[in-house]
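Undergrad: Attaching a single structure in structure tokens format; questions to follow.
Any read-out appearing in this document is the output of simple, stated calculations on the displayed coordinates, not a laboratory observation. All values derive from a computational prediction rather than experimental measurement. Neighbour counts run over all protein chains shown; Cβ positions are idealised from the backbone, glycine included.
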Ligand code: ME8
């Protein structure tokens, strides 16, 4: 059986989850559900990044221990993923004992191999990003809370892997996606790569994983956090690891590309672990021309929208309105526009029309079709073509194109109903196998297939729709599955129009 291992970043536990976090996690969920639906064995990992100075400072401020602080904050992430129907297989916390042991094991292994050394370093340190930065990065203004720091620290010999990494990126066109991000990293690697400072003295930061060979230090948060991708699936101890690793997709936002496309692969090279297949960096959700982020105070809380307009409509909007790789701007108006045009007018309308007509005219039982005419045969063929198109787009992660293709099918059903006007022909001929019966059977089947295709995106509403047709989610995309005379119910208004907002 083919496998799919997909990961999201592990989010800083301190922050309140916002639309940006929800986007990456929903994207991973959609891809994971899609691959499951086509028969893959899948593993979907998400979690929280729980060490570092910001957690330590917040704990002090709130008069609790850092552990108490993270135990409280992790609940917000766990709850939100549950509410948004995120079907992850494991939730990793970097404070888990297993993870901490694996980080120590990695450090000790690298130290024993001579890949880590002690040195004195003076440089600019960004407290907000928790890493040393170059003067150029400081000048560019993307980093906050910058301090000059001079101290003894442990360094990982990252520079020695520079050529090997460049070669790997060039030989594996899918390693960093999209192309623009790959070029960005190759540009970064044009300049000499520094070694990576992987420790923090305890007198400056206590809340971290202790360095196994020097108890005066804790591990740098990024070195700790990146290892989650292998610590979660049994690295260094059991065979399970090989069944999942290498990861198929590390989904990330473009803000954390360097850590994933430079630090992480060089760490893996030094540990003799194969590299992930694809690091996919998506763009940002922007609010009024600025990245949505807690520090800018312009975040949209996903649950507010989900509670107001349904979880599925939020999932749909996020997947439909962002072209993977590009930035996308978020506004309440764009959400409502998309909702009304696609969900209320197209999908919701087709569900209502078909189920109400069958309820009224065929006693709520699926009509039996007669012979298909040219229009119907062409429509069934078109449905097949669209199913293939959706598959091609999903596999290439052209998510918004896949959705566009599914909605072209839904619009075809509406057009077909307009053409055949079963609400008129039914007045003349209500018989089984008659024109209206045939039209409604074809429409019901196309509605079922569209809903199956939409299932990874909107698992709740599509299940309700498919159940209303007396079916279970089957991932069967062939035409002609529903048996005539099964019960067809009207599922109620699943996507009521948003008026006068
Ligand atoms: O960086 N638009 O965690 P984090 C789109 N702990 N996506 C966004 C976004 C926005 N405006 N804002 C955040 C960290 N994201 C580290 C990761 S992984 C080993 C350690 C998403 O809480 C996007 O996926 O700052 C981004 O990369 C991630 O949240 C950053 O989450």
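Undergrad: Sorted by average packing, counted as other Cβ atoms within 10 angstrom per residue and highest first, what order do 454-462, 223-231 take?
TA: Peptide ranking by packing, descending: 223-231, 454-462.
Undergrad: State the antiparallel share, in %, of DSSP beta bridges confined to the chain, rounding to the nearest 5.
TA: Numbers: 23 of 46 bridges.
So the antiparallel bridges in the chain amount to around 50 percent.
Undergrad: Compute the Cα gyration tensor for segment 61-142, then decide on rounded, prolate or oblate, letting a ≥ b ≥ c be the square roots of its eigenvalues: rounded whenever a/c is under 1.5, prolate when a/b is larger than b/c in the other cases, and oblate in all that remain.
TA: The shape class here is oblate.
Undergrad: Sort the following peptides by mean Cβ neighbour count (other Cβ atoms within 10 Å, averaged over residues), highest first: 171-181, 138-148, 309-319, 401-411.
TA: 309-319, 401-411, 171-181, 138-148
Undergrad: Just report the Cα centroid separation between segment 361-385 and segment 44-100, whole Å.
TA: First find each Cα centre; the distance between them is then 51 Å.
Undergrad: Please report the antiparallel percentage of the DSSP beta bridges confined to segment 4-150, to the nearest 5.
TA: Here the share of antiparallel DSSP bridges comes out near 40 percent.
Undergrad: How high is the relative contact order of segment 332-468, in percent, counting Cα pairs under 8 Å that sit 6 or more residues apart?
TA: It rounds to 30 percent for segment 332-468.
Undergrad: Quick one: helix 66-83 against the long Cα principal axis of the chain, what's the angle to the nearest 10°, folded into 0 to 90?
TA: Tilt relative to the chain: about 20 degrees.
Undergrad: Here's a follow-up. So for the chain, averaging the separation of alpha carbon pairs under 8 Å that are six or more residues apart and normalising by length, what relative contact order in percent results?
TA: 15
Undergrad: Let me ask another. Please tell me the relative contact order of segment 418-501 in percent, rounded to the nearest whole number, where contacts are Cα pairs under 8 Å and at least six residues apart.
TA: This gives 21 percent for segment 418-501.
Undergrad: Here's another thing I want to ask about it. Using every Cα-Cα pair within segment 31-79, state what percent have a distance larger than 11 Å.
TA: On the way: 845 of 1176 pairs.
Within segment 31-79, distances greater than 11 Å cover 72 percent of Cα pairs.
Undergrad: Another one. Once you have the Kirkwood Rh of segment 370-483 from its Cα pairs, apply Stokes-Einstein at 20 °C and 1.002 mPa s and quote D in µm²/s.
TA: Calculated translational D: 146 µm²/s.
Undergrad: Compute the angle between helix 311-321 and the longest alpha-carbon principal axis of the chain, please, reported from 0 to 90 degrees and rounded to the nearest 10.
TA: 80
Undergrad: How long are the semi-axes of the equivalent ellipsoid of the chain, defined as square roots of 5 times the Cα gyration tensor eigenvalues? Whole Å, largest first.
TA: For the chain, the semi-axes come out at 51, 23, 20 Å.
Undergrad: If I stretch the segment between residue 119 and residue 359 completely, what's the gain in nm (0.36 nm per residue apart, minus their alpha carbon distance), one decimal?
TA: Taking 0.36 nm per residue and subtracting the Cα distance, the gain is 78.7 nm.
Undergrad: Still on this structure, please answer the following. Before rounding to the nearest 500, sum -39500 (n - 2.57) across all DSSP H runs of length at least 4 in the chain and divide by the residue total; then give [θ] at 222 nm in deg cm²/dmol.
TA: Per the formula, -14000 deg cm²/dmol.
Undergrad: For the pair residue 404 and residue 78, how long in nm is the line joining their label points, each one 7 Å along Cα→Cβ?
TA: Output for this residue pair reads 4.1 nm.
Undergrad: Working from Cα positions, state the angle (0 to 90°, nearest 10) between the long axis of helix 459-468 and the longest principal axis of the chain.
TA: Result, in degrees: 20.
Undergrad: Calculate the length of the line joining the C-alpha centroid of segment 412-456 to that of segment 117-134, in whole Å.
TA: Centre-to-centre distance over Cα atoms comes out at 65 Å.
Undergrad: Among 3-13, 341-351, how do they line up from the highest to the lowest mean number of other beta-carbon atoms within 10 Å?
TA: 3-13, 341-351
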